[in-house]
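Engineer: Below is one structure. I have some questions about it.
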Amino acid sequence: MSRSNITAVLEVYNEEDRIELCIKNFLWADSIIVIDKSSTDLTAEIASKFATEVVRVPYSDRCGIHLEKVLSERNISEWVIAPTASSLIHPNLVKDIIALTTDVNFNYDVIGMPYAIHAFGICSDRSPWHDKRKYTLIRKSALILTHKTHHEFYSDSNKRYDMPIKNKVEVLYHLTHRSLDDYFEKTLRYAKNESDQGESSRGAIYSIFKSIFTIIVRKRTIWMKKHGLALSLLYAGNFVAIYLRTWEKKLNLNDYHNIKKEIGDEWDKVNRNKNCKEDEHG
């Protein structure tokens, strides 16, 4: 039996400031495969110092399109975990995970790991991003890969094991949205992915209302004293962006391009006449 019976797989793009610490948090895995989407910074070079393998692939806005090919061509462990560059994990949780994945009598396909999302540095059960567990530690035989944003890596097996939540520290961390710039860049990119995957305007509108229900009723985020309004707007903004992307795809920009051409032609005429007059007086 290998030391953990787990392969870690990370798909990343331009994460030079986070990739080293992330990989060091998962060196306990039998192997670490980094799928680098042609980063323009030092992500691949840094990752190659610590990861088992770095696979360079062409950039794509879509997520997960290289996972199946990469995993099928390699001898990976029985269990696969899919952290992101913003993931960290507590050593004590790792010990408990390995005890499960190396137990030949453990009869589950998916492990729900205690989880803490820190969005803009805020971690609260009233945050709209809050989840108690993360289900991205999956037995290879039960793994399903898709191209759907945020659902690239999952399993529909009902043999799920929820690890006990001991405390708020011994968890898998997700440190997301480091700044508004980071939030807007990723939100617009992910929204484009969703619209490219066939999200309808009606579906996008439904998601907006669902997010409003989440922040007002289910999580009551809006009622948080200090950060409620900001987190609520940011969370709903994800789904507003998806709707706007689907709307943008249907825009008819003929008038826009026609005006550019017409005004450009008019200025070309003005400049030609001006040059002719200058030549006549030259």
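The values are calculated or read from the model by the stated rules, or taken from the named source; none is laboratory data. On a predicted model such as this, the values are computed, not experimentally measured, just so you know. Cβ coordinates were reconstructed from backbone atoms using ideal geometry, including for glycine residues, and neighbour counts include every protein chain displayed. Just the protein is used for accessible areas: all its heavy atoms, side chains included, with ligands, DNA and RNA removed. Shrake-Rupley method; radii C 1.70, N 1.55, O 1.52, S 1.80 Å.
Engineer: Which strands (runs of 3 or more DSSP E) does region 42-157 wholly contain that include 2 or more residues that are of a type in the set (Lys, Arg)? Don't jump to the end; show me each part of the working.
Structural biologist: Details: elements: 53-56, 79-81, 87-89, 110-119, 133-139.
Counting at least 2 such residues, we get 133-139.
Engineer: To continue, here is another question. Being assigned to a helix (DSSP H, G or I), open to solvent by less than 80 Å² (accessible area, probe 1.4 Å) and without any contact (Cβ under 8 Å) to a residue 12 or more places away in the chain is the filter here, so list the residues in region 246-271 that pass it.
Structural biologist: Narrowing region 246-271 to residues assigned to a helix (DSSP H, G or I): 246-249, 254-271.
Okay, now just the ones that are also open to solvent by less than 80 Å² (accessible area, probe 1.4 Å), so 246, 258, 264-265, 268, 270-271.
Matches in region 246-271: Asn258, Gly264, Asp265, Asp268, Val270, Asn271.
Engineer: Residue check: is Asn275 modelled with pLDDT under 95 and over 25 Å from Gly64 (Cα atoms)? Quick ask: steps written out before the conclusion?
Structural biologist: On the way: modelled with pLDDT under 95: yes; over 25 Å from Gly64 (Cα atoms): yes.
Yes; evaluated as a whole, the condition is true for this residue.
Engineer: Within region 182-193, is even one residue at pLDDT 90 or above, farther than 30 Å from Ala82 by Cα, acidic (Asp, Glu) and in a helix (DSSP H, G or I)?
Structural biologist: No, region 182-193 contains no residue that is at pLDDT 90 or above, farther than 30 Å from Ala82 by Cα, acidic (Asp, Glu) and in a helix (DSSP H, G or I).
Engineer: Would it be correct to say that Tyr243 is in contact with a helix residue (DSSP H, G or I) (Cβ under 6 Å, 6 or more places away or on another chain) and open to solvent by 60 Å² or more (accessible area, probe 1.4 Å)? Spell out how you get there, then give the answer.
Structural biologist: Working: in contact with a helix residue (DSSP H, G or I) (Cβ under 6 Å, 6 or more places away or on another chain): yes; open to solvent by 60 Å² or more (accessible area, probe 1.4 Å): yes.
Yes: the conditions hold for Tyr243.
Engineer: Mind checking which residues of region 74-96 are closer than 28 Å to Gly121 by Cα and of a type in the set (Ser, Thr, Tyr)?
Structural biologist: Selection gives Thr84, Ser86, Ser87.
Engineer: Quick one: how many residues across region 5-41 are under 18 Å from Leu71 (Cβ atoms), in a loop (DSSP other than H, G, I, E, B) and free of Cβ contacts under 8 Å to residues at least 60 places away in the same chain?
Structural biologist: 3
Engineer: Looking at Asp109, is it open to solvent by 50 Å² or more (accessible area, probe 1.4 Å) and modelled with pLDDT of 95 or more? Working first, answer last.
Structural biologist: Details: open to solvent by 50 Å² or more (accessible area, probe 1.4 Å): no; modelled with pLDDT of 95 or more: yes.
Here the answer is no, as Asp109 does not meet what is asked.
Engineer: In the set Leu100, Leu137, which member is modelled with pLDDT of 95 or more, under 23 Å from Asn25 (Cβ atoms) and within 17 Å of the chain's Cα centre (by Cα)? Before the answer, list the steps.
Structural biologist: On the way: Leu100 fails: within 17 Å of the chain's Cα centre (by Cα).
Selected residue: Leu137, the only one of Leu100, Leu137 that is modelled with pLDDT of 95 or more, under 23 Å from Asn25 (Cβ atoms) and within 17 Å of the chain's Cα centre (by Cα).
Engineer: Moving to a separate point now. Taking Gly64 as meeting all but one of (1) on the phi > 0 side of the Ramachandran plot; (2) open to solvent by 10 Å² or more (accessible area, probe 1.4 Å); (3) modelled with pLDDT under 95, write down the number of the exception.
Structural biologist: Gly64 satisfies all of (1) on the phi > 0 side of the Ramachandran plot; (2) open to solvent by 10 Å² or more (accessible area, probe 1.4 Å); (3) modelled with pLDDT under 95 except (2).
Engineer: Name the residues in region 153-177 that are within 18 Å of the chain's Cα centre (by Cα) and in contact (Cβ under 8 Å) with a residue 60 or more places away in the chain, would you? I'd like the intermediate steps shown before the answer.
Structural biologist: Of the residues in region 153-177, the ones within 18 Å of the chain's Cα centre (by Cα) are 153-155, 172-177.
Result: Phe153, Leu172, Tyr173, His174, Leu175, Thr176.
Engineer: Which of the residues that make up region 32-61 are under 30 Å from Arg3 (Cα atoms), among the hydroxyl-bearing types (Ser, Thr, Tyr) and surrounded by fewer than 20 Cβ atoms within 10 Å (Cβ to Cβ)?
Structural biologist: Matches in region 32-61: Ser48, Thr52.
Engineer: For region 112-131, enumerate the residues that are in contact with an Asp or Glu (Cβ under 8 Å, 6 or more places away or on another chain) and either open to solvent by 40 Å² or more (accessible area, probe 1.4 Å) or farther than 22 Å from Ser157 by Cβ (or both). Before you say what the answer is, go through the steps one by one.
Structural biologist: Applying the first criterion (in contact with an Asp or Glu (Cβ under 8 Å, 6 or more places away or on another chain)) to region 112-131 yields 112, 114-115, 117.
The one that is in contact with an Asp or Glu (Cβ under 8 Å, 6 or more places away or on another chain) and either open to solvent by 40 Å² or more (accessible area, probe 1.4 Å) or farther than 22 Å from Ser157 by Cβ (or both): Ile117.
Engineer: Something else now. Between a residue in region 94-107 that is touching a residue at least 40 places away in the same chain (Cβ under 8 Å) and any residue that is surrounded by 15 or more Cβ atoms within 10 Å (Cβ to Cβ) and not in a loop (DSSP other than H, G, I, E, B), which pairs come within a Cβ distance under 6 Å, given they are 6 or more apart or on different chains?
Structural biologist: Pairs that qualify, where the first residue is touching a residue at least 40 places away in the same chain (Cβ under 8 Å) and the partner is surrounded by 15 or more Cβ atoms within 10 Å (Cβ to Cβ) and not in a loop (DSSP other than H, G, I, E, B), are Thr101/Ile6; Thr101/Trp79; Phe106/Leu100.
Engineer: Would you be able to tell me the number of residues in region 209-236 that are crowded, with 16+ Cβ neighbours inside 10 Å and in a helix (DSSP H, G or I)? If you could, list the steps in order and put the result at the bottom.
Structural biologist: Narrowing region 209-236 to residues crowded, with 16+ Cβ neighbours inside 10 Å: 211, 214-215, 219, 221-222, 224, 227-228, 231-232, 234-236.
From the residues that got through so far, the ones that are in a helix (DSSP H, G or I) too are 211, 214-215, 221-222, 228, 231-232, 234-236.
Going through region 209-236 one residue at a time, the tally reaches 11.
Engineer: Looking at (1) closer than 27 Å to Asp103 by Cα; (2) part of a helix (DSSP H, G or I), which is the only condition Tyr173 fails?
Structural biologist: (2)
Engineer: Yes or no: region 88-105 includes at least one residue that is crowded, with 18+ Cβ neighbours inside 10 Å and farther than 22 Å from Val171 by Cα.
Structural biologist: No: region 88-105 contains no residue that is crowded, with 18+ Cβ neighbours inside 10 Å and farther than 22 Å from Val171 by Cα.
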